[in-house]
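Right, one structure below, let's go through it.
The values are calculated or read from the model by the stated rules, or taken from the named source; none is laboratory data. Remember, predicted model here, so these are calculated numbers, not experimental data. Neighbour counts are summed over all protein chains in view; Cβ atoms, including those assigned to glycine, are modelled from backbone coordinates with ideal geometry. Side chains are part of the model used for accessible areas, which takes the heavy atoms of the whole protein and leaves out ligands, DNA and RNA. Shrake-Rupley method; radii C 1.70, N 1.55, O 1.52, S 1.80 Å.
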Amino acid sequence: MTANLPRYDKAFDPGPVELHARDVHFDVSDAPLEWIPGHPVPSHVISTLNLFLPEGERWFVRTFNEALPLVRDEQLASAMRGFVGQEAVHADTHDKALRDYLVRGGIDPDPAERQMAWIFRRLLEPRETDSPRKAHKNLTERLWLIAAIEHYTAVLGDFALNSGWARGGAHPGMTDMFQWHGAEEVEHRSVAHEVATYFDNSYLSRIRAMVISILGLFLIISRTTRYLLKADPERNYPFPQVIVGWLRGVRAGHVPSLWSVILTTVPYFSTKYDPADVGSTAQAVAYLAASPGARGGAQ
Ligand SMILES: [Fe+2]
Ligand SMILES: [Fe+2]
């Protein structure tokens, strides 16, 4: 997404890799709220991920654990177990960052967390029904929603790996945490799509889920960002300042432009869509091998 940076050549992509959760540690205990220096708005925009990812990723885990006993393809089941392990660690890591970083910075995450809990534990929980057919349909709808959301986590993961954070002097622990997460999102980007296709290979289901996901993600990210900007005890953010801050962040490679994210959605509507076309496994694996926090140690 940041065209000025060198990109990994797809010809060297190793293809699917065996997925496993990593033992990680990221020290964000001294990260300021403005963890990307000179860019408070992009700092908050990226930090919203700490607020909604834990609930969202635990919902992924519960839904995949519900689907796993129904999968007869051992290769797919193994990829699902790797996916579940990675998403569970992502959720715990962002939960911890929420306490070590946001709460310490003077932001109360409770109101935003309650909203996320309502969305992911009530609105999107399995429907109670006596009909096995309806229960199965409900499960496949949730699996397609996860596949659609995972399109964006891969897009954002690719963005994180090629962002301007490190060269902009961003906090190393926060940078590593978001890039490690981004790399694992790129690494497992095909799993949710394959699972949803295995259960219900329907173009209509795929597109319906994408439309719902676009609206849902836009609402969640814009509401949570607004909440963080309002709760920031250090400064006020009048609306024009938010727009200018965002655009400056886009230019510096600290946040993706809305336009670039919309553009990545176009291929999803093609019948030939392949999640592997987003990002580079080679780049993700190379990052994971070098990430200080993912190599089992502190920063
Ligand atoms: Fe994740
Ligand atoms: Fe993911």
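Might you check whether a residue that is touching a residue at least 40 places away in the same chain (Cβ under 8 Å) and under 28 Å from residue 18 (Cα atoms) occurs anywhere in region 97-108? If you could, list the steps in order and put the result at the bottom.
Start the filter on region 97-108 by keeping residues that are touching a residue at least 40 places away in the same chain (Cβ under 8 Å), which leaves 97-98, 100-102, 104-108.
Those left that are additionally under 28 Å from residue 18 (Cα atoms): 97.
Yes, there is a match, as at least one residue in region 97-108 is touching a residue at least 40 places away in the same chain (Cβ under 8 Å) and under 28 Å from residue 18 (Cα atoms).
The one condition from (1) farther than 19 Å from residue 24 by Cβ; (2) hydrophobic (A, V, I, L, M, F, W, C); (3) more than 16 Å from ligand 2 (Cβ to nearest atom) that residue 79 does not meet is (3). Each residue in region 272-290 was checked for being more than 21 Å from residue 150 (Cβ to Cβ) and surrounded by 14 or more Cβ atoms within 10 Å (Cβ to Cβ), and 1 pass. Of the residues making up region 234-271, those that are open to solvent by less than 80 Å² (accessible area, probe 1.4 Å) and not aliphatic (A, V, I, L, M) number 17.
Name the residues in region 208-217 that are more than 30 Å from residue 35 (Cα to Cα), open to solvent by 30 Å² or more (accessible area, probe 1.4 Å) and touching a residue at least 24 places away in the same chain (Cβ under 8 Å), would you? If the condition is that a residue be more than 30 Å from residue 35 (Cα to Cα), open to solvent by 30 Å² or more (accessible area, probe 1.4 Å) and touching a residue at least 24 places away in the same chain (Cβ under 8 Å), then 208, 212 are the ones that fit.
Just to be sure, is residue 41 over 30 Å from residue 135 (Cβ atoms) and assigned to a helix (DSSP H, G or I)? The answer is yes for residue 41. Taking first residues from region 51-71 that are without any contact (Cβ under 8 Å) to a residue 40 or more places away in the chain and open to solvent by less than 10 Å² (accessible area, probe 1.4 Å) and partners that are aliphatic (A, V, I, L, M) and in a helix (DSSP H, G or I), the Cβ contacts under 8 Å between residues at least 6 apart in sequence or on separate chains come to 57/88; 57/91. One residue stands out in region 34-91 among those that are hydroxyl-bearing (Ser, Thr, Tyr) and at pLDDT 95 or above: the one that is farthest from the chain's Cα centre (by Cα), namely 78. On the basis of being of a type in the set (Ser, Thr, Tyr), within 16 Å of ligand 2 (Cβ to nearest atom) and either in a helix (DSSP H, G or I) or under 27 Å from residue 235 (Cα atoms) (or both), does residue 63 make the cut? When the stated conditions are applied, residue 63 passes them.
Inspect region 182-189 for any residue being within 18 Å of residue 43 (Cβ to Cβ), within 16 Å of ligand 1 (Cβ to nearest atom) and in contact (Cβ under 8 Å) with a residue 24 or more places away in the chain and give the result as yes or no. Yes, region 182-189 contains at least one residue that is within 18 Å of residue 43 (Cβ to Cβ), within 16 Å of ligand 1 (Cβ to nearest atom) and in contact (Cβ under 8 Å) with a residue 24 or more places away in the chain.
Within the span defined as region 89-108, every residue fails to be within 16 Å of ligand 1 (Cβ to nearest atom) and more than 23 Å from residue 293 (Cα to Cα).
Quick check on region 195-216. Is at least one of its residues within 15 Å of residue 41 (Cβ to Cβ) and not in a loop (DSSP other than H, G, I, E, B)? For region 195-216, residues within 15 Å of residue 41 (Cβ to Cβ) and not in a loop (DSSP other than H, G, I, E, B): absent.
Summed over region 13-50, residues that are surrounded by 22 or more Cβ atoms within 10 Å (Cβ to Cβ) and of a type in the set (S, T, N, Q) total 3.
Among the residues of region 218-243, those that are without any contact (Cβ under 8 Å) to a residue 12 or more places away in the chain and outside any loop (DSSP other than H, G, I, E, B) comprise 218, 219, 222, 226, 230, 239, 240, 243.
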